[in-house]
1. Being in contact with a helix residue (DSSP H, G or I) (Cβ under 8 Å, 6 or more places away or on another chain) and surrounded by 18 or more Cβ atoms within 10 Å (Cβ to Cβ) is the filter here, so list the residues in the range B:197-214 that pass it.
2. Among the candidates A:I84, A:I78, A:I95, which residue alone is assigned to a helix (DSSP H, G or I), within 14 Å of chain B (Cβ to nearest Cβ) and closer than 30 Å to B:Y87 by Cα?
3. Being away from chain A (no Cβ under 11 Å), touching a strand residue (DSSP E or B) at 6+ places or on another chain (Cβ under 8 Å) and part of a loop (DSSP other than H, G, I, E, B), is that true of even one residue in the range B:142-156?
4. Specify the residue that is surrounded by the fewest Cβ atoms within 10 Å (Cβ to Cβ); the eligible residues are those in the range A:101-119 that are facing another protein chain (nearest Cβ under 10 Å), assigned to a helix (DSSP H, G or I) and among the charged types (D, E, K, R).
5. Out of A:S154, A:S179, A:S223, A:S150, I need the residue that is crowded, with 23+ Cβ neighbours inside 10 Å, polar (S, T, N, Q), modelled with pLDDT under 90 and out of contact with any strand residue (DSSP E or B) (no Cβ under 6 Å at 6 or more places or on another chain). Which one?
6. When you scan the range B:16-24, do you find a residue that is within 14 Å of chain A (Cβ to nearest Cβ), more than 16 Å from B:M64 (Cα to Cα) and acidic (D, E), even just one?
7. When you scan the range B:41-52, do you find a residue that is outside any loop (DSSP other than H, G, I, E, B), touching a His at 6+ places or on another chain (Cβ under 9 Å) and either more than 28 Å from B:L221 (Cβ to Cβ) or within 10 Å of another protein chain (Cβ to nearest Cβ) (or both), even just one?
Amino acid sequence: MWTIAKLSCREVLSKRIFLITILMTLAFLLFYGVATHYGSREFAEELQQRGGSGGVQMERAFVSTQLLGVGLYFASFITALLSILACVGAVSGEIESHQIDTILARPLRRRDVIFGKYLGFGGLLVIYALGLFAGILLINQTLGGVLQLSLHLSQIVGAAALFAMQPLVLVAAALWLSSRMTTINGGVILIILYGIGFIGGFVEQLGVLLNNNALVNSGIVTSLIFPLDSLFRKMTLTLFDAPSDPFSFAAQGLFGSLSAPSGLMIGYALLYGAVMLLLAFRQFAKRDL
Amino acid sequence: MSEMVIETWGLTKQYEGRGGFRDITLQVPRGIVYGFLGPNGAGKSTFVRTMLGLLHPTGGRAQMLGRPIGDPEARRKVGYLPELFRYQDWLTGRQLLEMHASLAGVARTERKRRIDTLLERVGLSGREGEKIKGYSKGMQQRIGLACALLADPDLIFLDEPTSALDPIGRRDVRDLIVELREQGKTIFLNSHLLNEVESVCDQVAIIHRSDMIVQGDWRRLSDVHTQVVVRATGLTEAVWQQLSSLVLQAQPMDEAGSVADTEAPTRWMVQVEREESLPLLVQRLSELGVLLYELTPQQPHLEDVFLHWVQGKEGQPHVDDRQVVL
């Protein structure tokens, strides 16, 4: 199992897509850093001109959460994309190329191969996700100036854990699809599921804002179909909601959460990942190679 | 442990009732080279893949090294070189072997020595640091052979092991097979290149269109008819017609030994039903005034044996009970 995990890590690291992703991630962080730096400087000048009234302070808090929110949203998106691209062919690609034949001719149980791949891909993507999360927070804390958010360590740790759970759920789903169908079919389905999840999340927030039950229920259903958006929104709530703050900025804007995912929903997301992994074990065990 | 390293009872793998192989019952004893022969698409690779647990059988049962197939432990002392060999090409040759040694449970202290020995044996010493994507097909087949032998297996499945090799490589593989047999290993050799395996197989099974036609000792299996070269004067088609009850076929040969149509041949390739018919043939030729200079029995090539059994099967209207054990 550990050999398969190491092999999976090595496979991702050896692929050109990983190098490209790392370079593009650095480019994104550079761009985000520059935007944060100049944005906060301009905002500071504006604050000086308008004075420190309550309205301006609220605006500052809103802008700072939105700026961090957009950074984290994009980070979540590229982590998800990398997870899908790296994992959706993890099993099907090896079946199609027959690379898996000599591996399975060893005294291995098929579920060990899947679990090894899960550990390898999941571990690497969690490291990547946490690195990206840390990079964005670091930019906010060092270059944010007046837009810098005041964060407690417990908030950061909680949010990081939720952020890192996203690739773990995605990898499990990708392995199930990869055990079941061709790489291209699995990739298309997973990207659409991911899209449905996030659009459903926006629809749900809109529903709460407009007090429209149909939209809210649609959002809940999509969260049940693919619960990644719930993890993201819970993460932003954990990060932005200061306990001492009487007014939650986490509820506002495009990346806010008017409808907060419950602890039960996070449990559901974890269960969803576990079930996907079990389905992958089962599917891979019974299929002909 | 059983002296049979492979035993199958009515093993079947079919896709919606077609393809694959059906109702294969065979026993492979320890320490032999077992040739599993048949044309492309006969079901040979499907059989091997089923034995290795890559495919699930649709009927029957099988054991490998005393354990049921499907049990991972049955594969602990098994090596496999697939027909469609594709390896993780982002790894170097050594990394691939290290990975397989780890999967096969080879002790860490033993790995380096064994890998070095195998690299030397398959002729890849000095190339092990290169990425597999840069290897030629022949080199990939060689590294595949090294992979198959890493676990010091008791049973080795070689599926078309020389398909990508040049003549020197083919000879090396034949030598390796003989060497492995001398070490007490059992080799299950899948091939459609009949002359390739003729020299190394102890036992042979012939599979054709999903059915096993015949299996058994290669020497007995090859005893399908008796061929002799007759060199004589006075031989004509009319003579052979008079001996038609004794001679199945008589073809003139040129001096080089290949079949040719000539008006006054001196050498003929003659086929009789049984070896016991030869003294009578000599007597009848003498009675007909033929002066006999030479009568040399010919060992049939595996190709002839193969065609004999395959054509025999195709001549039968029903497939049931066609399997012959010699």
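The values are calculated or read from the model by the stated rules, or taken from the named source; none is laboratory data. Bear in mind that the values here come from a model prediction, so they are computed numbers and not experimental data. Glycine gets a Cβ as well: all are built from the backbone with ideal geometry, and neighbour counts include every protein chain shown.
1. B:V197, B:E198, B:V200, B:C201, B:Q203, B:V204, B:I206, B:I207, B:H208, B:D211, B:I213, B:V214
2. Numbers: A:I84 fails: within 14 Å of chain B (Cβ to nearest Cβ); A:I78 fails: within 14 Å of chain B (Cβ to nearest Cβ).
None of the other options fit; the residue is A:I95.
3. yes
4. By that ranking, first place goes to A:D112.
5. Details: A:S154 fails: crowded, with 23+ Cβ neighbours inside 10 Å; A:S179 fails: modelled with pLDDT under 90; A:S150 fails: crowded, with 23+ Cβ neighbours inside 10 Å.
Going through A:S154, A:S179, A:S223, A:S150 in turn, the sole match is A:S223.
6. So far as the range B:16-24 goes, yes, one or more of its residues are within 14 Å of chain A (Cβ to nearest Cβ), more than 16 Å from B:M64 (Cα to Cα) and acidic (D, E).
7. Here is the first cut: in the range B:41-52, the ones outside any loop (DSSP other than H, G, I, E, B) are B:44-51.
Narrowing the set further to residues that are touching a His at 6+ places or on another chain (Cβ under 9 Å) leaves B:44, B:50.
This time we only want the ones that are either more than 28 Å from B:L221 (Cβ to Cβ) or within 10 Å of another protein chain (Cβ to nearest Cβ) (or both), so: B:50.
Yes, that holds for at least one residue.
For (1) in contact with a Gly (Cβ under 8 Å, 6 or more places away or on another chain); (2) within 26 Å of A:I189 (Cα to Cα), each residue gets a yes or a no:
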position	(1), (2)
A:Y32	yes, no
A:A35	no, no
A:S40	yes, no
A:F43	yes, no
A:L47	no, no
A:Q57	no, no
A:A61	no, no
A:S83	no, yes
A:A90	no, yes
